[in-house]
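Participant: Mind looking over this structure? Questions follow.
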Amino acid sequence: MAIDQKELGQRLKGAREACGMTQDDVARQLGVSRSTVAQMELGNRAVTGIELSRLAYLFGKDLRSFVAVEAPDQEDALVALFRLHPELSSQEDVIEALRQCLALGRELTNLERLLGVDRGLATVAAYPLPRPRTKWEAIQQGERIALEERRRLGLSLAALQDVAELLEAQGIRTAQVTLPEDISGLTLIEPKIGFFVVANLEHHILRRRFSYAHEYCHVLVDRNERGLVSRGQDRDELLEIRANAFAASFLMPADAVRRFISALGKGQPSRMEAEVFDEGAPVSARARSAPGSQDIQLYDVVQMAHHFGVSRAAACYRLKSARLLTSAELDSLLEHDRAGRGREIEKLLGLPEPDHQARRDDFRHRFLGLALEAFRREEISRAKLVEVAAMVDVDASDVDRATLDLGLDDDGGAEVHLPGA
């Protein structure tokens, strides 16, 4: 039994209010008058399919939730984000980015379901911890979870390769989307999306690796929040401190860092002492490192950053947290790196720069590949393929030309390469 116009209007009103939007806000987005929106919500004016699709996007909802017989859950990811970050309601650029991420997440989920891709969400680990009360507790929790998760995954002390692939293997959908500069990533958790982690497409690939690890912590520990936005201005918040501590330890375990530095002949104290006991009396031995021999240099940092796939700054701070650098040494290394000497050393050592541009397109490749396969199987129409491609900035003309010229409609076997994919 379909819902009536009045019930639809009530659901639209509830969704609008849950997002903190006014009727004027909605009217401006739809290009209609406020009174028209009011009549929609009262059930006195029919809502067209195009309008309903636009409203679903504005409210971060699945369109089907408005017309389903059962009442929709108003506490979805977008509403949860507004509850956790009420100030976001006044930041239209952030809201629009969140809407895009939700739409991408739902479309990705839909394509995977059409193609029978099983995410196995029940296998995603969970660490139910109390909310940290202090910064110290937040750091301790983050580091402890990172070590436990590495143990669970059988990673030992190995450097990680592709962090996004690791998350995907755990049943977590990942994407790279253009976000405001201050936002490094976000986590969305909804029954109809599952776990969806997004990194800022405009950030450097090494920062995106860190962001994926950071958001992974939110999935493992903070899933009751339904959605979290990771912003630079919130770095002093306890949940963010915990996630940053997790990311640093997950990417660069302290023991692995010490082992790496030890292999460079460094990391030993300037004064060393040992005792041997033979059940009678101890025998002591002392040694002193050659002056300056244990000082970590920028070229050591460069090699460590390359080994673990992190930025040189992240490597520096991890060395400091592992007590291999003093505060003064940290500041000196960071100053030299900011002066460009780190990159000069990379060139001298023949270390390649990460392929930033190629990795930017990873999500687009995967997303379009799923859409093309769904089209080949006739699970989606050409119009839907065009709509999906537009979500990752591929023009309709490019889609039409590719599918028609390569005969994808005719034999279903042609391989299609869309521009930018």
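The values are calculated or read from the model by the stated rules, or taken from the named source; none is laboratory data. Everything quoted here is computed from the prediction, not taken from an experiment. Because the Cβ atoms are built from the backbone with ideal geometry, glycine has one as well, and the counts that use them run over all protein chains shown.
Participant: Sort through 11, 45 and tell me the only one that's at pLDDT 80 or above and either under 23 Å from residue 182 (Cα atoms) or surrounded by fewer than 18 Cβ atoms within 10 Å (Cβ to Cβ) (or both).
Facilitator: Details: 11 fails: either under 23 Å from residue 182 (Cα atoms) or surrounded by fewer than 18 Cβ atoms within 10 Å (Cβ to Cβ) (or both).
The unique qualifying residue is 45.
Participant: So, of the residues in segment 14-42 that are under 32 Å from the mean Cα position of the chain (by Cα) and free of Cβ contacts under 8 Å to residues at least 12 places away in the same chain, which turns out to be surrounded by the most Cβ atoms within 10 Å (Cβ to Cβ)? I'd like the intermediate steps shown before the answer.
Facilitator: First pass over segment 14-42, keeping only residues under 32 Å from the mean Cα position of the chain (by Cα): 14-22, 25-26, 28-30.
Subset that is free of Cβ contacts under 8 Å to residues at least 12 places away in the same chain: 17, 22, 25, 28.
Working: 17: 15, 22: 12, 25: 17, 28: 13.
So the residue we want is 25.
Participant: Let me ask something else. Mind listing just one residue for me: the one in segment 163-201 that is surrounded by 15 or more Cβ atoms within 10 Å (Cβ to Cβ) and charged (D, E, K, R) and, of those, farthest from residue 62 (Cα to Cα)?
Facilitator: 168
Participant: With respect to residue 210, determine if the residue is in contact with a Cys (Cβ under 9 Å, 6 or more places away or on another chain) and assigned by TED's automatic domain parsing to the domain that holds residue 237. So that I can check it myself, show each step before the final result.
Facilitator: Details: in contact with a Cys (Cβ under 9 Å, 6 or more places away or on another chain): no; assigned by TED's automatic domain parsing to the domain that holds residue 237: yes.
No; evaluated as a whole, the condition is false for this residue.
Participant: Which condition number does residue 38 fail, the rest of (1) among the small types (Gly, Ala, Ser); (2) modelled with pLDDT of 90 or more; (3) within 20 Å of residue 188 (Cβ to Cβ) being met?
Facilitator: (3)
Participant: While we're on this one: Is it true that residue 241 is in a helix (DSSP H, G or I), closer than 29 Å to residue 196 by Cβ and β-branched (Val, Ile, Thr)? Walk me through it before giving the result.
Facilitator: Working: in a helix (DSSP H, G or I): yes; closer than 29 Å to residue 196 by Cβ: yes; β-branched (Val, Ile, Thr): yes.
Against the criterion (in a helix (DSSP H, G or I), closer than 29 Å to residue 196 by Cβ and β-branched (Val, Ile, Thr)), residue 241 qualifies.
Participant: Specify which of the listed residues (412, 420, 309) is at pLDDT 90 or above and under 29 Å from residue 173 (Cα atoms). It would help to see each step written out before you state the result.
Facilitator: Values: 412 fails: at pLDDT 90 or above; 420 fails: at pLDDT 90 or above.
Going through 412, 420, 309 in turn, just one is at pLDDT 90 or above and under 29 Å from residue 173 (Cα atoms): 309.
Participant: Select from segment 300-350 the residues that are of a type in the set (A, V, I, L, M) and assigned to a loop (DSSP other than H, G, I, E, B) and list them in ascending order.
Facilitator: Within segment 300-350, the subset of a type in the set (A, V, I, L, M) is 301-302, 304-305, 310, 313-315, 319, 322, 324-325, 328, 330, 333-334, 339, 345, 348-349.
Correct list: 310, 322, 324, 325, 339.
Participant: Turning to a different aspect of this structure: Could you please let me know if residue 156 is in a loop (DSSP other than H, G, I, E, B), closer than 26 Å to residue 136 by Cα and more than 11 Å from the chain's Cα centre (by Cα)?
Facilitator: Numbers: in a loop (DSSP other than H, G, I, E, B): yes; closer than 26 Å to residue 136 by Cα: yes; more than 11 Å from the chain's Cα centre (by Cα): yes.
Yes.
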